[in-house]
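For reference, the structure discussed in these notes is given below.
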Amino acid sequence: MQTLSQLFTDITRKKQTEEEKEEPSYSMLGGCSGFVFFWLALAIPFLVYGSNTLFFLLYTWPFFIALMPISVLIGIAFSMLFSGSVWKTVPLTGLVVIGMFWTVFSFLSGW
């Protein structure tokens with residue numbers, strides 16, 4: 001038979017174990033991968049077209065800056081969807097972010 005102090009001790013221990021259970025942070029991997037792929041996608045037009053891209057981006061920079069939070073959110077969404085699986089999150093985030101960036105670049109440049 002339990003005494004009152006043992007009962008309170010058991011109740012507080014159960015609450016601590018329930019509160020200590022934390023979910024893993026899947027959003028960190030996705031956010032970082034989206035951010036990195038945004039900057040890699042920004043570098044691709046410079047590699048393809050050279051320094052003339054700088055003059056093009058001088059007038060169209062708001063469109064590309066608007067893609068940065070979208071890229072981070074895409075990475076977070078894929079990371080949450082695949083439960084933090086690096087092998088699925090990183091390639092799909094890279095493919096979608098680079099494709100999105102290249103689509104905006106193509107529409108703005110008239111290709």
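Any read-out appearing in this document is the output of simple, stated calculations on the displayed coordinates, not a laboratory observation. All of these numbers come straight from a predicted model, not from anything done at the bench. Don't worry about glycine lacking a Cβ; one is built from the backbone with ideal geometry, like all the others, and counts go over all protein chains shown.
Here the simple spin-label model places points 7 Å from the Cα toward Cβ, and for Met80 and Ile65 these points are separated by 2.7 nm. For q = 0.13, 0.15, 0.16 Å⁻¹, what log10 I(q)/I(0) does the stretch 25-109 give under the Debye formula with an equal point scatterer on each alpha carbon and no solvent? Rounded to two decimals, the profile gives -0.40, -0.52, -0.58.
Take every pair of alpha-carbon atoms less than 8 Å apart whose residues are at least six positions apart; their mean separation over the length of the stretch 25-109 yields a relative contact order of 49 percent. In order along the stretch 95-103, the phi-based Karplus estimate (6.51 cos²θ - 1.76 cosθ + 1.60, θ = phi - 60°) of 3J(HN,Hα) comes to 5, 5, 5, 5, x, 5, 5, 5, 5 Hz; Gly and Pro are listed as x.
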